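The values are calculated or read from the model by the stated rules, or taken from the named source; none is laboratory data. Here the structure is a predicted model, which means the values were calculated and not measured. Counting neighbours? That spans all protein chains shown, and the Cβs are built from the backbone with ideal geometry, glycine included.
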Amino acid sequence: MQRFFFAESRSFGYRVNQLFDFIQPASVALWNLRWQVQGYVSAVPGATDAELAGRFSHGAGVRANNLKGVCIDTPWEDQLGQFAQIVGANMIALYEGWAEGLLPKFGNPKRATDVQFPTRGKYGQNTRKGVGNALAEVHSSGISTEMQKAFFSKYSASKKYSLAHLDALSALYRYHKEIRNSFMHSGGLASDRAEAAWLEASRLTKADIGGKSDPILTKVVEGDPITYRIEEAIQLADVIIRLVHTIDSELMYTSYAENHFMELWKGTPGAVRLRALPGDPRKRKLRVDQICKALGFLAPNDPEAVIKLGKNAGLLDFA
């Protein structure tokens, strides 16, 4: 289950689910279409492209003019490679969009790019700031002790939270990002940056990335065509989800996050109406849980920290 603090992160999670809700049945549907077309052509060897299109695409709103080429002449592995490119390109776009939507709110628009690189000095990244630098700068701008007490243990409890592996995951992300760039800008021929990113990623182990298996990689040589497999794209999705979970959790106890939380509280009538706190500790905890739920957050680990925030802002008082 994906549990994110920021709305941008929750939107990212929703979009990832949408992507795989399309890719998974679409790939299964193509697999079955291949068998159906192959079976039909086996029974009717003289079937024309028009006949196949009429039989298999009627009512779809899309005319399939080359079903023999798609379902008979094209190897399944090649089509899985196409699905892999779709998954890879979309996952990277979702990560970029998430970073551009959230990170500039912490004071520096360049951090949206920083979180796409390992920390400076790690995994061959020596010329620019990276994810660790971005988080350190944000934390140095202000930490909220109350937000940390209230929520951090809840949001960092996800199995996807991977602070110890953040730089290695970022290095693996760079491999996929440079492959994506080579497909988009070089006709699928590997760039020098793609080869360099592969070289760094090829040194990673499952211990480095905190995974159950080693990184799934295909050797990249500058100027050669790139082969990209669905297994790689699936691993990329996991890498990016872990990056978002980790960064989201590390940002939720900042001063900005506290201000964001309090502004939502002040602007949510349903939460404001719950201002009277019961004297009974158990009922008081339930009331705080209700407030956080009304704001779209998990129940806090430490309700007293939320009570302190609410009382300081004049949003809570004892009944």
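In table form, for the structure just shown:
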quantity: Any hit, the range 142-152, residues being part of a loop (DSSP other than H, G, I, E, B), surrounded by fewer than 17 Cβ atoms within 10 Å (Cβ to Cβ) and modelled with pLDDT under 95; calculated: no
quantity: Counted residues, the range 45-91 - those being among the hydrophobic types (A, V, I, L, M, F, W, C), exposed (fewer than 14 other Cβ atoms within 10 Å of the Cβ) and within 30 Å of residue 15 (Cβ to Cβ); calculated: 3
quantity: Set 109, 104, 45: member being farther than 20 Å from residue 178 by Cβ and part of a helix (DSSP H, G or I); calculated: 104
quantity: Check on residue 170, crowded, with 17+ Cβ neighbours inside 10 Å, touching a residue at least 40 places away in the same chain (Cβ under 8 Å) and not charged (D, E, K, R); calculated: yes
quantity: When residues of the range 1-26 are limited to those that are modelled with pLDDT of 95 or more and assigned to a loop (DSSP other than H, G, I, E, B), the one surrounded by the fewest Cβ atoms within 10 Å (Cβ to Cβ); calculated: 6
quantity: Qualifying residue in the range 117-133 (condition: within 21 Å of the chain's Cα centre (by Cα), modelled with pLDDT of 95 or more and surrounded by fewer than 18 Cβ atoms within 10 Å (Cβ to Cβ)); calculated: no
quantity: Test for residue 160: is it outside any helix (DSSP H, G or I) and surrounded by 16 or more Cβ atoms within 10 Å (Cβ to Cβ); calculated: yes
quantity: Hits in the range 93-106 (condition: surrounded by fewer than 20 Cβ atoms within 10 Å (Cβ to Cβ) and either touching a helix residue (DSSP H, G or I) at 6+ places or on another chain (Cβ under 7 Å) or in contact (Cβ under 8 Å) with a residue 60 or more places away in the chain (or both)); calculated: 97, 100, 101, 104, 105
quantity: Single residue of 66, 90 found to be closer than 21 Å to residue 24 by Cβ and either within 15 Å of the chain's Cα centre (by Cα) or not assigned by TED's automatic domain parsing to the domain that holds residue 172 (or both); calculated: 90
quantity: Selected residue [in a loop (DSSP other than H, G, I, E, B), closer than 29 Å to residue 312 by Cα and either out of contact with any helix residue (DSSP H, G or I) (no Cβ under 6 Å at 6 or more places or on another chain) or not hydroxyl-bearing (Ser, Thr, Tyr) (or both)] from 204, 264, 274, 217; calculated: 274
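Residue-by-condition table, conditions (1) in contact with a Gly (Cβ under 9 Å, 6 or more places away or on another chain); (2) closer than 30 Å to residue 290 by Cβ; (3) not in a loop (DSSP other than H, G, I, E, B):
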{"residue": "166", "(1), (2), (3)": "yes, no, yes"}
{"residue": "184", "(1), (2), (3)": "no, no, yes"}
{"residue": "196", "(1), (2), (3)": "yes, no, yes"}
{"residue": "213", "(1), (2), (3)": "no, no, no"}
{"residue": "222", "(1), (2), (3)": "no, no, no"}
{"residue": "236", "(1), (2), (3)": "yes, no, yes"}
{"residue": "241", "(1), (2), (3)": "yes, yes, yes"}
{"residue": "249", "(1), (2), (3)": "no, yes, yes"}
